[in-house]
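Take a look at this one; I'll ask things after.
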Amino acid sequence: MRNLVFKLVNPDLSQVIHSRLNQATALLCDLVSIRSISGYERKVAARLAEALSSIGLPSQWEPMPPMPPNDPDLPSSPPTDSDERGNLYSGFPTRNQSISNHGRSIILQTHLDVVPAGEWGEAFTPIHRDGRIYGRGACDCKGQAVVIWLAMAALRDLAIELNGRVDIQFVGEEEIGGIGALAAILNRPRADGVIVLEPTSMNIHPACRGALWFRLKITGKSTHMGRKYEGINAIDKAVIAIAKLYKYEKQLLEESVKQPLFSNYPMPVQVNIGQLNAGEWPSMVAGKATLEGGVGFLPDRDIKTVEQELNSLFSTSDDNWLSDHFELDFPGLRNEAFSTPLDHPLVTTLVASAHSTGIAPVVRGWNASCDARLYARRGNMPTVVFGAGDMGAAHSSNEFINDEAIALAATFIANTIMQWCNYSS
Ligand SMILES: [Zn+2]
């Protein structure tokens, strides 16, 4: 352990971080106690702005700007009309310099909105016990916001000067499709790298799976059961369609072996049928059937390809009725997959920094989706997901984060920034 600490860019980093850990956990308890479900981020942002100000970092609250209509990266469900929607922006100042010895810039990003409490009565009453904080958002993702704050506080305490810009983006509405992230990408400067903080158990994810929801409507020919021979049963056609969907899943699974970053998952891709509504009456031949489901796919495909592949499953069906009597649309979730090359300096810097911080990260693709896809695909910036806490606890009635995980992740972030932003070629 002693050897690992000596490898930090600044050997005092871990100690300085620990000296502020009580403040950090108190801040997290405050943030958790503010019920910031998607579209209601203003109050939690105000508390965070106060904490940033206490370490000398100014911040700006920006109400969510109007977004381009029918943007392909926006969720199709309209956002809430709350006036508490928006993002909080901050940053770590760059060293004043007249010469052009600029380092590399980075965006540190996480989200301030949380999913609702569900069955958890105490979700917004944080409990700090046995080195853990429990509450909604503890790890997803208010704990990550505190990791960023703590890393910045340590850089301040150590009077660190950086050549490259650090932009901090605390965004809203991640949980309902990434509206805040898209606003940040469209309206703020680009950077040489992006770290999206989510609870990854300190693993480094340079790639994420994508997900697309689909809706398939099949029309049959309804008749009374007594004249069944004159009808076409839409449920029978749905059974054929389901077989085709599972055949497609098999194809996706076979092709997934070409993506080694995802090979550790028992099922890295999926075609899931989540809802089936069909028919009207037990003694009638079903005149319609609607199937709804999702496709999980890897970075070798994009949404457009998956849409086309799904469409051709049915349009080229050897069942002539099915091929002429289906409607396919994609009204829900549409998250692209992405992948940043393993030999990209952002990934190699993060991996080296993790080892010198005492973290032994697994570097692999993530089978969850988050704002990172928007920075990577829409923003065209090298992007990696990393964070403290366990994804298994997120959205649960037992969400928590360990104090020590906050400290370790903050040490890692501060150490990484010093390496990344002061790099000069
Ligand atoms: Zn999250």
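Inside region 343-385, can you point out the residues that are more than 16 Å from the ligand (Cβ to nearest atom), assigned to a strand (DSSP E or B) and not aliphatic (A, V, I, L, M)?
The answer is Arg364, Gly365.
Identify, please: which residue in region 113-142 is surrounded by fewer than 15 Cβ atoms within 10 Å (Cβ to Cβ) and not in a strand (DSSP E or B) and is, among those, nearest to the chain's Cα centre (by Cα)?
The extreme case among them is Pro116.
Also: Is it true that Ala24 is in the same structural domain as Ser369 (by TED's automatic domain parsing), surrounded by 17 or more Cβ atoms within 10 Å (Cβ to Cβ) and over 15 Å from Ala414 (Cβ atoms)?
Spelling it out, it is not the case that Ala24 is in the same structural domain as Ser369 (by TED's automatic domain parsing), surrounded by 17 or more Cβ atoms within 10 Å (Cβ to Cβ) and over 15 Å from Ala414 (Cβ atoms).
Hey, another quick one. Looking only at region 152-174, count how many residues are assigned to a loop (DSSP other than H, G, I, E, B) and surrounded by fewer than 24 Cβ atoms within 10 Å (Cβ to Cβ).
Count: 7.
Next question. Got at least one residue in region 392-415 being in contact with a Phe, Trp or Tyr (Cβ under 8 Å, 6 or more places away or on another chain), in a strand (DSSP E or B) and within 15 Å of the ligand (Cβ to nearest atom)?
yes
Still on this structure: Among the residues of region 111-128, write down those that are among the acidic types (Asp, Glu) and either away from the ligand (no atom under 16 Å from the Cβ) or under 12 Å from Ser396 (Cα atoms) (or both).
Glu119, Glu122
A further question follows. If Gly177 satisfies all but one of (1) within 14 Å of the ligand (Cβ to nearest atom); (2) crowded, with 24+ Cβ neighbours inside 10 Å; (3) not acidic (Asp, Glu), what's the number of the condition it fails?
(2)
I've got another one for you. Out of Ile148, Ile160, I need the residue that is within 16 Å of the ligand (Cβ to nearest atom), of a type in the set (A, V, I, L, M, F, W, C) and on the phi < 0 side of the Ramachandran plot. Which one?
Of Ile148, Ile160, the one residue that is within 16 Å of the ligand (Cβ to nearest atom), of a type in the set (A, V, I, L, M, F, W, C) and on the phi < 0 side of the Ramachandran plot is Ile148.
Of all residues in region 43-57, which are at negative phi and either surrounded by fewer than 20 Cβ atoms within 10 Å (Cβ to Cβ) or modelled with pLDDT under 95 (or both)?
Passing the criteria: Lys43, Ala46, Arg47, Ala49, Glu50, Ser53, Ser54, Ile55.
Here's something else I'd like to know. Using beta carbons and a limit of 6 Å, which pairs, at least six apart or on different chains, have the first residue in region 103-124 and within 22 Å of Met381 (Cα to Cα) and of a type in the set (Lys, Arg) and the second one away from the ligand (no atom under 16 Å from the Cβ) and in a loop (DSSP other than H, G, I, E, B)?
Arg104/Gly164; Arg104/Asp192; Arg104/Tyr423
The values are calculated or read from the model by the stated rules, or taken from the named source; none is laboratory data. Please read these numbers as outputs of a predicted model, since none were measured by experiment. Virtual Cβ from ideal backbone geometry, glycine too; neighbours counted across all protein chains shown.
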